[in-house]
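Below: one structure, written as structure tokens.
The values are calculated or read from the model by the stated rules, or taken from the named source; none is laboratory data. Quantities reported herein were computed from a predicted structural model and do not represent experimental measurements. Because the Cβ atoms are built from the backbone with ideal geometry, glycine has one as well, and the counts that use them run over all protein chains shown. Just the protein is used for accessible areas: all its heavy atoms, side chains included, with ligands, DNA and RNA removed. Shrake-Rupley method; radii C 1.70, N 1.55, O 1.52, S 1.80 Å.
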Amino acid sequence: IALTAVLASWVDTSKRRYWTAAVAALLFGAFPFAYQAVPWINNFFYPLANLLLLAMTAVYWQARVRGSNKLLFLAFLLLFLAPFEIEYGLMGSGLLFTVELVLWLQKRQPYPWLTGPLIGLLLNVLFLVRSLTIPKQSYNFGLPTPGRLLLISTYFLQGLMYPISPLALWVMELTGWGDVAAIWLVSIPALTVIIITLLRKGQGSLAFFSLAWFLLLNLPALVFVDFTYVVNSPRLLYPPGVGIVILWGGFLAILAISEQRTQFRFALAALIVVLIVGFSARFVRERNAQYLLAQEPVLQ
């Protein structure tokens, strides 16, 4: 949570950055998809994987800003370790490239330094080659098909727009449409408004960073597994959740704090945050209670 807040404050270059960081931290602390990433011991690696990727990104960012070779070595060490925790770590080099582009968008460097991401890519490829030589369980999902990509993309889009995605149920009731069409109808206009708002307020680097994190950390599941596996695994949205909460944090901070700051806007944004956090925390608490209930006969 703390590292998510730190990164949010760095990608937000405005005076609202601490508000962005605070909202992102609150949202991630009560992230509704966290319930499946914490209770089971075999899912413990999801929070640990997030920790490694967040630490790697933060250390690499500081290495580039400070020009520190020691921090750069530490960032590469974290990148090397991340895939051993979970395959999401193979997206580490992509995250380094994202940092380079963000620093370039923020005009902190004249052009992206590609050597760092290329070294990261080499480390990721070395791990991938070694991993392919190790016997493991075979899932036999097969190559991705257009239909499978559409369904999984819809599921991830619903995760990206999780504060408003329940509105799709109303659309389904009013129009009789299916869930896929309703989710896209609700999510795409809202996502467009969020992106345009961020760009108009000079938050292009925040929009790019959050969406890049979201897309990179969803890529393995999008390509390599089928929809049945994804729809039964909400924990898959936990690693890309960092990008989700930073995106919403930046947008809600703009809603609350603007050049024409009014008490009404601030109160409205605060109410939205309270509702999102409240519903999310209740959801996670109820699901964890179900886990505890299911655990009793196992312990017996």
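Of all the C-alpha pairs in the chain, what % are more than 26 Å from each other?
48
Nearest 20 debye, what's the magnitude of the dipole of region 147-259 about its Cα centre given +1 on Lys and Arg Cβ and -1 on Asp and Glu Cβ?
220
For a quick check, take a GNM of the chain with Cα springs below 10 Å and name the residue from GLN158, GLN137, GLN203 with the largest mean-square fluctuation.
Between GLN158, GLN137, GLN203, it is GLN137 that shows the largest mean-square fluctuation.
If I model a spin label at LEU77 and PHE44 as a point 7 Å from the Cα along the Cα→Cβ vector, what separation in nanometres do I get?
If labels sit at LEU77 and PHE44, their model points lie 2.3 nm apart.
If I stretch the segment between LEU271 and GLU87 completely, what's the gain in nm (0.36 nm per residue apart, minus their alpha carbon distance), one decimal?
So the extension gain works out to 62.5 nm.
For region 178-258, what % of the accessible area comes from carbon and sulfur atoms, probe 1.4 Å?
74
Indicate the gyration tensor shape class of region 112-246 (rounded, prolate or oblate), computed on the Cα atoms with a ≥ b ≥ c the square roots of the eigenvalues: a/c under 1.5 is rounded; otherwise a/b larger than b/c is prolate and the rest oblate.
oblate
For ALA281, put the label point 7 Å out on the Cα→Cβ axis and report which residues of region 12-32 keep their amide N under 17 Å from it.
Answer for this model: 22-32.
In a Gaussian network model over the chain where Cα atoms closer than 10 Å are linked, find which of PRO189, PRO239, PRO220 has the largest mean-square fluctuation.
Largest GNM mean-square fluctuation: PRO189.
Do any trypsin sites (Lys or Arg not before Pro) in region 251-300 lie in a DSSP loop with no more than 12 other beta carbon atoms within 10 Å, and if so, which?
Loop-located and lightly packed - ARG261.
Between LEU219 and TYR111, what is the label-point separation in nm under the 7 Å Cα-to-beta-carbon projection?
Simple spin-label model gives 2.3 nm for this pair.
In whole Å, largest first, what are the principal axis extents of the Cα atoms in region 1-56?
Answer, in whole Å and largest first: 41, 23, 11 Å.
Once both labels are modelled 7 Å past Cα along the beta-carbon direction, what's the GLN137-GLN290 spacing in nm?
Modelled inter-label distance: 2.1 nm.
So what is the calculated 222 nm ellipticity per residue for the chain, using -39500 (n - 2.57) for each DSSP H run with n of 4 or more, over all residues, to the nearest 500 deg cm²/dmol?
So the calculated ellipticity at 222 nm is -24500 deg cm²/dmol.
Could you state the accessible area per residue of the chain in Å², with a 1.4 Å probe and every protein chain left in place?
Counting only protein heavy atoms, the per-residue value for the chain is 52 Å².
Once you have a ≥ b ≥ c as the square roots of the Cα gyration tensor eigenvalues for region 17-109, tell me rounded if a/c is under 1.5, and otherwise prolate or oblate according to whether a/b is larger than b/c.
oblate
Show me the trypsin sites (Lys or Arg not before Pro) within region 30-139 that DSSP assigns to loop and that have at most 15 other Cβ atoms within 10 Å of their Cβ.
Here the sparse-neighbourhood loop sites are LYS107, ARG108, LYS136.
For TRP177 and LEU199 in one chain, what is 0.36 nm times their gap in residues minus the Cα-Cα distance, to one decimal in nm?
In short, 4.7 nm is gained.
Which chymotrypsin sites (Phe, Trp or Tyr not before Pro) does region 89-161 hold that lie in a coil by DSSP with at most 12 other beta carbons within 10 Å?
Answer by residue number: TYR139.
Please label the shape of region 253-296 as rounded, prolate or oblate, based on the square roots a ≥ b ≥ c of the eigenvalues of the alpha-carbon gyration tensor (a/c under 1.5 means rounded; beyond that, a/b larger than b/c means prolate, else oblate).
In terms of gyration-tensor shape, prolate.
Can you put ASP226, ASP179 in order of accessible area, largest first, using a 1.4 Å probe?
Greatest to least solvent exposure: ASP179, ASP226.
Could you size up the charge dipole of the chain around its Cα centre, putting +1 on the beta carbon of Lys and Arg and -1 on that of Asp and Glu, and report it in debye to the nearest 20?
It works out to roughly 920 debye.
I want to verify a result. In a Gaussian network model of the chain, Cα cutoff 10 Å, which of these has the top mean-square fluctuation: GLN263, GLN62, GLN109?
GLN263
Excluding residues on the same chain fewer than 8 positions from LYS15, give the lysines whose Cα lies under 21 Å from its Cα.
LYS107, LYS201
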